[in-house]
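Enquirer: Sharing a structure here in structure tokens format.
The values are calculated or read from the model by the stated rules, or taken from the named source; none is laboratory data. No experiment lies behind these values; they were computed from the predicted model shown. Glycine gets a Cβ as well: all are built from the backbone with ideal geometry, and neighbour counts include every protein chain shown.
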Amino acid sequence: MGLTIQSTSIGVLKEKFKVELESSDEIVIALAGNPNTGKSTVFNRLTGLNQHTGNWPGKTVTNAQGRFKHNEKNYILIDLPGTYSLFANSMEEQIARDFICFGNPEVTVVVADATSLERNLNLVLQILEITDKVVVCVNLLDEAKRKKITIDLKKLSDRIGVPVVGTSARSGKGLQELKDTVEKVAVGKIITNPFKIHYDTVIEHAIEKIEPEIEDFVKSRFHKRWMALRLIDGDNAFQDSMNAYLDMDFSKNAALQMKLKEARAMICQELSDLEELQDRIVSNIVSIAEDIRNEVVFSNRTARYKKVRDIDSILTSRLYGIPIMIALLGLIFWITIVGANVPSALLADGLFWVEGQLSAFFFWLGVPVWVHDMIVYGVYRTLAWVVSVMLPPMAIFFPLFTLLEDLGYLPRVAFNLDYYFKKACAHGKQALTMCMGFGCNAAGIISCRIIDSPRERLIAILTNNFVPCNGRFPTLIALSSLFIAGSFSGAFQSFAAAIAILAVIVLGVMITLLISRLLSKTVLKGLPSSFALELPPYRRPQIGRVIVRSLIDRTLFVLGRAVAVAAPAGLIIWVMANISIGDESLLTHCAQFLDPFATLLGLDGYILMAFLLGLPANEIVIPILIMSYLSGGSMLELDSLTELRQLFLDHGWTQLTAVCMMLFSLNHWPCATTLWTIHKETQSWKWTGAAFLIPTVTGVVLCFVVAQGAALLRLV
Amino acid sequence: MSTTFIPLNQLPVGSTGKVKTLAADGIERRRMLDLGLIRDTTVESLRKSPAGDPVAYEIRGAVIALRSEESSKIFVESI
């Protein structure tokens, strides 16, 4: 037919998997493994910065690809989603399986956790059924050593018939050997002889029936046995994939269909039905994994788990579990807020100095005053504010959170809170997406991918905005310090401010649960999905690496956003504040237009305007407000909070105004980045619109009730 | 020893049971089997979450938390 396997698979790689080879002799390696095995560490260690993350085509599942060179050869490494199995129960499993089958990697490396080998062997054995070219990487050997677990790697290799390399990817041990072994398998220096799983006689007979019929299609891609089983099993996902990737529709093959019918009848005679067949297949693999484990792993079982159990018995206990959780979250907030002060001030000073230079430069250039004002006071000042206010907290919060994640604590959070989320007809993992949302709602939206069920994922996405992000913190902190704490004296001030913020956050969580339940009962009806959460052992996080990687990511994000969003926003605000129609500036006109409605909510026109103009990024709301009130048309650095407080009071603020503004800050439309992320994740304008409306309506209703309620009570 | 089987969610914390039957079908059943809950697998009930549900179990060397909706469908023999 003129199409070689080589050329068709390169084509498939590019189109269907979005993998572009730089040259035709680049060696494709697939990286598979359970979640929590340190697979990403292996990936990062092998590819360094020469990697790029995206999505698998048409799916919202992360795809990471990277390149490395070894012994003069070029390799491209594809990081498959972490999966426990390949029976296509979920999108991740389907993607992993499809790539191993149809992406035709030269070698598939399976990363396994040395401290939990039995579980990991499930996936290894399934992969061995599909392809011969496998290298097993037993990772986390350092953790295993700590837990007094030893593994006879040679025996394991003999038993399963493929090379096994032991690694501690964290410290770089074993990676050289891994690369050497991968190379040998890729070029054929090592010929593997994978272990064949034998099933019950009747199943074997059925397989023998089908194999001849599919001989031609399979060629050397993947094993006939495996394919025969999938067909007999009636695995629709597999059939769809065959269709999608190889353009083969087996339903049209009459001879094959007849044989399949016979095979199935044969099986149903001995076993009760096809379900029983699936049972047998999975059970078989699980028992073999157990047998192998018993032969190659040596450990003192009780000693191993005692430490983790002791820790967990406190962290998830009835009495202390949730208080500890709240305290930990509070600690992270506190560190973020306090830790950000000095860097923020430094950045502000530095950027202010740069502004001076910029001004001088413009002056030297001789540009018209309005151009200078527009660029320096409008664009630059907004940019400078955003960077100095946003960067330090983000640079602290995200690394801290990632450390917690690496430690293995986060599943315990989901474990503690799942009950309440179940009552709200949502998924326990939503708690984790909310935690992420504290840092940045856009990041929170992406983290919703950890929720498998589309319905529950959507609920998590739509309610993520009820958790205030780092961009809204400065607003909340300023307002609570100025107006709530003001009524208290001395030492109680900061305490009162902290309590006010905690109260806002607790309110946000309660609203999230309420709205989640509401959505479950109305627009997103459905049953709770299955919930099986693994509580992995605690691991010592790689503090240095996590911090550096997180810092770089977050810094780039904030800077990028500042340039793309805050700068143009600053320009627009300056223009609006400085162009006059009649007596008043455009800004004032708009504010006056919004005023009647805003007053109903306990706010004023300028505040509402600030929120509207703050659509690109929440962090510019207060600066815009200050700018509007000063109506000097530019942001000035107010030297003290008392001046700021006076400015607000001068514009008719009361404590109620502050409360309403805090409430509205918590409950209003998501920022533009978040909305854009929601659209990307949901692929739907409808749901993006819902994500816009739901918090907004909640905010309007809440503020209205509070404002009018307070007014009523006072009058009474 | 009693030969009646109890659902896993009724297994007291600290006790161990042997999996006997699964009262689930289709994908749910496959997921359970994939977790290692095949016949005669030993399961230990480790602890309840603060609210009482989900409960953490040790299954083949891994700690997995299951909601009572799932664990009520896994029938074990108490040992």
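Enquirer: Can you tell me which of A:317, A:251, A:241, A:283 is within 9 Å of chain B (Cβ to nearest Cβ), part of a helix (DSSP H, G or I) and of a type in the set (S, T, N, Q)?
Expert: A:283
Enquirer: For segment A:181-201, which residues satisfy the criterion of being outside any loop (DSSP other than H, G, I, E, B) and in contact (Cβ under 8 Å) with a residue 12 or more places away in the chain?
Expert: A:181, A:182, A:183, A:184, A:185, A:186
Enquirer: Kindly list the number of the only condition in (1) under 20 Å from residue A:675 (Cβ atoms); (2) crowded, with 24+ Cβ neighbours inside 10 Å that fails for residue A:468.
Expert: (2)
Enquirer: Going residue by residue through segment A:84-97, is there one that turns out to be more than 14 Å from chain B (Cβ to nearest Cβ) and within 30 Å of residue A:682 (Cα to Cα)?
Expert: Checking segment A:84-97: at least one residue is more than 14 Å from chain B (Cβ to nearest Cβ) and within 30 Å of residue A:682 (Cα to Cα).
Enquirer: For segment A:129-148, indicate whether the set of residues that are within 14 Å of chain B (Cβ to nearest Cβ) and either of a type in the set (A, V, I, L, M, F, W, C) or buried (at least 22 other Cβ atoms within 10 Å of the Cβ) (or both) is non-empty.
Expert: There is at least one residue in segment A:129-148 that is within 14 Å of chain B (Cβ to nearest Cβ) and either of a type in the set (A, V, I, L, M, F, W, C) or buried (at least 22 other Cβ atoms within 10 Å of the Cβ) (or both).
Enquirer: Okay, next question. Can you list the strands (runs of 3 or more DSSP E) found entirely within segment B:18-79 that contain at least 1 residues being in contact with a Ser or Thr (Cβ under 9 Å, 6 or more places away or on another chain) and facing chain A (nearest Cβ under 7 Å)?
Expert: B:42-48, B:55-59, B:62-66
Enquirer: When you look at residue A:227, is it outside the structural domain of residue A:89 (by TED's automatic domain parsing), in contact with a helix residue (DSSP H, G or I) (Cβ under 8 Å, 6 or more places away or on another chain), at pLDDT below 85 and more than 27 Å from residue B:46 (Cβ to Cβ), yes or no?
Expert: It is false that residue A:227 is outside the structural domain of residue A:89 (by TED's automatic domain parsing), in contact with a helix residue (DSSP H, G or I) (Cβ under 8 Å, 6 or more places away or on another chain), at pLDDT below 85 and more than 27 Å from residue B:46 (Cβ to Cβ).
Enquirer: One residue is enough: does segment A:265-273 have a residue meeting the conditions at pLDDT below 85, part of a loop (DSSP other than H, G, I, E, B) and among the aliphatic types (A, V, I, L, M)?
Expert: yes
Enquirer: Among (1) buried (at least 22 other Cβ atoms within 10 Å of the Cβ); (2) in contact (Cβ under 8 Å) with a residue 60 or more places away in the chain; (3) among the charged types (D, E, K, R), there is one condition residue B:34 misses while meeting the rest; what is its number?
Expert: Tallying (1) buried (at least 22 other Cβ atoms within 10 Å of the Cβ); (2) in contact (Cβ under 8 Å) with a residue 60 or more places away in the chain; (3) among the charged types (D, E, K, R), residue B:34 fails exactly one: (2).
Enquirer: For residue A:223, which of the numbered conditions (1) in contact (Cβ under 8 Å) with a residue 60 or more places away in the chain; (2) within 14 Å of chain B (Cβ to nearest Cβ) fails to hold?
Expert: (2)
Enquirer: For segment A:376-467, please list each of the helices (runs of 4 or more DSSP H) lying entirely inside it that holds at least 1 residues being touching a strand residue (DSSP E or B) at 6+ places or on another chain (Cβ under 9 Å), within 14 Å of chain B (Cβ to nearest Cβ) and not basic (Lys, Arg).
Expert: Per the criteria, A:410-423.
Enquirer: Turning to a different aspect of this structure: Any chance segment A:536-544 includes a residue that's on the phi < 0 side of the Ramachandran plot and in a helix (DSSP H, G or I)?
Expert: The answer is yes, given that some residue of segment A:536-544 is on the phi < 0 side of the Ramachandran plot and in a helix (DSSP H, G or I).
Enquirer: Which of the residues belonging to segment A:522-545 are away from chain B (no Cβ under 14 Å) and surrounded by 19 or more Cβ atoms within 10 Å (Cβ to Cβ)?
Expert: Matches in segment A:522-545: A:524 only.
Enquirer: Taking segment A:637-687, which residues are outside any helix (DSSP H, G or I) and within 26 Å of residue A:706 (Cβ to Cβ)?
Expert: A:651, A:652, A:653, A:654, A:667, A:668, A:669, A:670, A:671
Enquirer: Go over the candidates A:688, A:673, A:642 one by one and state the one that is buried (at least 20 other Cβ atoms within 10 Å of the Cβ) and modelled with pLDDT under 90.
Expert: After applying the criteria, what remains is A:673.
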